[in-house]
Amino acid sequence: MNERFVYILLTDTGTVFTKTIKTYTKAPYNHSSLSLDKELIQLYSFGRKKPNNPFQAGFVQEDVRNGTYKKYPKTTCALYEIQVSPRQYQKIERMIALFQKNNKKTIYNLLGIFGVAVKAPFEPQGSYFCSQFVAEILHRAGISFWPKLPSLVEPDDFRKVLASNLVFEGLLTDYVAQQK
């Protein structure tokens, strides 16, 4: 079986940070994550390391049953499926392993979010925001949807380009319950 898939999860937790971003973007989802499986067990992004502290952020393996998502049970989401080659899947796995290994050397690219707003990329080494991370991983695996830099990709860009690949939209808790 040569078919492999990765998944893009877009979410809206309703946090103050999300509401602030939403004021600017007007998009329904303002956080993106990359999953190696449909059950969202291997789910990665740049975001909160601790549910109660939005200022401690960086590379995270997210848990849809606990952590931040448990703290915000009314989180809405859209899940998109992307078919990839076995080689692309392996590249994605290797890159995520590198992020895991170098976790302490990465930080959240808060200034990069402002760069997106003014269309000026801000890319300090080892620094990412959520959609930049997802776009960078896909780009390095040979999957590009836009001619723009990963540091200018917004979560809503995934929603727009992957509309026909929608697997689920609704409450994240409903999706998680279906996967049991």
Once you've got the Cα coordinates, tell me which of LYS22/LYS71; LYS104/LYS180; LYS50/LYS119; LYS38/LYS104; LYS26/LYS71 are over 26 Å apart. LYS104/LYS180; LYS50/LYS119; LYS38/LYS104
Averaging over all projection directions, find the projected area of the Cα convex hull of segment 1-150 and quote it in nm² with one decimal place. 8.8
Here the gain from full extension of SER85 to LYS180, 0.36 nm per residue of separation minus their alpha-carbon distance, amounts to 31.5 nm
Which FRET efficiency value, to the nearest 0.05, do you get for LYS22 and ASN53 by plugging their Cβ-Cβ distance into 1/(1 + (r/R0)^6) with R0 = 25 Å? 0.75
For segment 22-180, which whole-number percentage of the solvent-accessible area (1.4 Å probe, protein heavy atoms only) is attributable to carbon and sulfur atoms? 54
For VAL161 and LEU98 in the same chain, what is the full-extension length gain: residue separation times 0.36 nm, less their Cα-Cα distance, in nm? 19.9 nm
Please report the orientation-averaged projected area of segment 112-180, defined via the convex hull of its C-alpha atoms, in nm². 6.1
Per residue of segment 8-20, what does 6.51 cos²θ - 1.76 cosθ + 1.60 with θ = phi - 60° give for ³J(HN,Hα)? Whole Hz please, x for Gly and Pro, Karplus curve as stated. 10, 9, 9, 9, 9, 7, x, 6, 4, 4, 4, 4, 5
Quick one: give the max-minus-min coordinate of the C-alpha atoms of segment 32-102 along each principal axis, largest first, in Å. 38, 28, 15
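The values are calculated or read from the model by the stated rules, or taken from the named source; none is laboratory data. These numbers come from a predicted model, not from an experiment. Don't worry about glycine lacking a Cβ; one is built from the backbone with ideal geometry, like all the others, and counts go over all protein chains shown. These accessible areas exclude ligands, DNA and RNA; they are computed on the full protein's heavy atoms, side chains included. Shrake-Rupley method; radii C 1.70, N 1.55, O 1.52, S 1.80 Å.
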